[in-house]
Amino acid sequence: MFGRLRKLLSSDYSSEPDETQADLRNDISMILSDSSENVPVASRDPYRVSSLPIAREPELIKMRDFLYQYKECLNTLKCYGFLAENGEVKEGDIQSPSFEKAMGTFKAEELKIASSFQKPVLLIIPETSFDAKVKALDAHRQGLQKSPTYVSKEFIDSDSGSERITGWRAIIVDGIQRAEVYEGDQRDLRINDRIKARKDARRKGEKGMDRHRYALLMMVTIRNGNPVDDTDTGSYTLLDDDPALSDTSIPYGVFYRNVHHEIANSRFECSYPVHFSDYARYRSSVGGDILIR
């Protein structure tokens, strides 16, 4: 998986034909340049695989896309105060992992599952309490967020961790703005039964969503101006792997805007298990099993 990437990131192309060497150097300059001025306009969106140039090898294109997303995630973490502008963490926090170290935590079966997502997005998640992430969302408001994040009691009561970053987790999530209905999703079932059926149908290595994954995805997409599950899209994401999930509550996330958009915020709420909903959606994810220190 990383053989081609390592070759791109090295400086030895002596085994390649002259024309290929030129192409490779051009690829590297576009991938690693901190200035978007050197990148063709069509390839500046880190979440559009189809926009990336020189599509010679699918593996290379996927790695290039993930590398863009890695850099975008680090920039988001800087905006929300988890990293300083130079990429350093606060004293006592664990430093964020390199791209190669983060990607090295995924199993082959997980990457294969991620390739089937509507919009695979790489996220680097700091290991903190959920409260620390909510405070970051509100202390460094970005994009469309106008109001404090709403968090229901179930999330508060089941929170754990600390304000400090004790490690990092790399995950790939389906980051499409409005998730489509999964094949086999039986929307005529109550939500608790839908979740059970979905978990039974998951592929080996496939996960759902929890508050930490959703919070980081929300940060990235709010900053980019297109928050996931914006109420204008008419959907919300079930947090089907969250500790707040119980026989009496179904946790979910949404970006809420009222009619006149005076209120605009992320919301982490719970509904009753016996409810039916055409608006509830799943988001698959992979990875996160390894705490990177």
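The values are calculated or read from the model by the stated rules, or taken from the named source; none is laboratory data. Just so it is clear, the model here is predicted, and its values are computed rather than measured. Glycine also receives a Cβ, built like all others from the backbone with ideal geometry; neighbour counts cover every protein chain displayed.
Tally time: how many residues in region 263-293 are of a type in the set (Ser, Thr, Tyr) and in a loop (DSSP other than H, G, I, E, B)? Talk me through it step by step, then tell me what you get.
Applying the first criterion (of a type in the set (Ser, Thr, Tyr)) to region 263-293 yields 266, 271-272, 277, 279, 282, 284-285.
Still in the running and in a loop (DSSP other than H, G, I, E, B): 272, 277, 279, 282, 284.
Here the count works out to 5.
Select from region 170-215 the residues that are touching a Ser or Thr at 6+ places or on another chain (Cβ under 9 Å), within 30 Å of GLU100 (Cα to Cα) and among the aliphatic types (A, V, I, L, M) and list them in ascending order. Residues satisfying the conditions are ALA170, ILE171, ILE172, VAL173, ALA179, MET209, ALA215.
Restricting attention to region 101-114, report how many residues are of a type in the set (Gly, Ala, Ser) and under 14 Å from the mean Cα position of the chain (by Cα). Before you say what the answer is, go through the steps one by one.
As a first pass, look at region 101-114 and keep what is of a type in the set (Gly, Ala, Ser): 102, 104, 108, 114.
Going one step further and asking which of them are under 14 Å from the mean Cα position of the chain (by Cα), we end up with 102, 114.
Summing the residues that are of a type in the set (Gly, Ala, Ser) and under 14 Å from the mean Cα position of the chain (by Cα) in region 101-114 gives 2.
Within region 101-139, take every residue that is free of Cβ contacts under 8 Å to residues at least 60 places away in the same chain and assigned to a helix (DSSP H, G or I) and give me the one that is nearest to MET63 (Cα to Cα). Restricting to residues being free of Cβ contacts under 8 Å to residues at least 60 places away in the same chain and assigned to a helix (DSSP H, G or I), the top hit is LYS112.
Here's the yes/no breakdown for (1) under 15 Å from the mean Cα position of the chain (by Cα); (2) closer than 18 Å to GLN142 by Cβ; (3) in contact (Cβ under 8 Å) with a residue 24 or more places away in the chain:
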residue: LEU217; (1), (2), (3): yes, yes, yes
residue: ARG223; (1), (2), (3): yes, yes, yes
residue: PRO227; (1), (2), (3): yes, yes, yes
residue: TYR236; (1), (2), (3): no, no, yes
residue: LEU239; (1), (2), (3): yes, no, yes
residue: ALA244; (1), (2), (3): no, no, yes
residue: ASP247; (1), (2), (3): no, no, yes
residue: VAL254; (1), (2), (3): yes, yes, yes
residue: GLU269; (1), (2), (3): no, no, yes
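Evaluated against (1) under 30 Å from LYS112 (Cα atoms); (2) over 24 Å from the mean Cα position of the chain (by Cα); (3) among the polar types (S, T, N, Q), SER284 falls short on exactly one condition, (2).
Among the residues making up region 149-178, a single one is polar (S, T, N, Q) and under 18 Å from LEU74 (Cα atoms): THR166.
Return yes when GLN69 is modelled with pLDDT of 50 or more, within 22 Å of LYS119 (Cα to Cα) and either polar (S, T, N, Q) or surrounded by 13 or more Cβ atoms within 10 Å (Cβ to Cβ) (or both) and no when it is not.
Details: modelled with pLDDT of 50 or more: yes; within 22 Å of LYS119 (Cα to Cα): yes; either polar (S, T, N, Q) or surrounded by 13 or more Cβ atoms within 10 Å (Cβ to Cβ) (or both): yes.
The answer is yes for GLN69.
Sub-6 Å Cβ pairs linking a first residue in region 143-170 that is touching a residue at least 12 places away in the same chain (Cβ under 8 Å) and of a type in the set (S, T, N, Q) to a second residue that is crowded, with 18+ Cβ neighbours inside 10 Å and in a loop (DSSP other than H, G, I, E, B), at least 6 apart or interchain, are SER158/ALA244; THR166/GLU127, ordered by first then second residue. Does any residue of region 237-253 turn out to be in contact with a strand residue (DSSP E or B) (Cβ under 6 Å, 6 or more places away or on another chain) and more than 25 Å from ARG187 (Cα to Cα)? No, region 237-253 contains no residue that is in contact with a strand residue (DSSP E or B) (Cβ under 6 Å, 6 or more places away or on another chain) and more than 25 Å from ARG187 (Cα to Cα).
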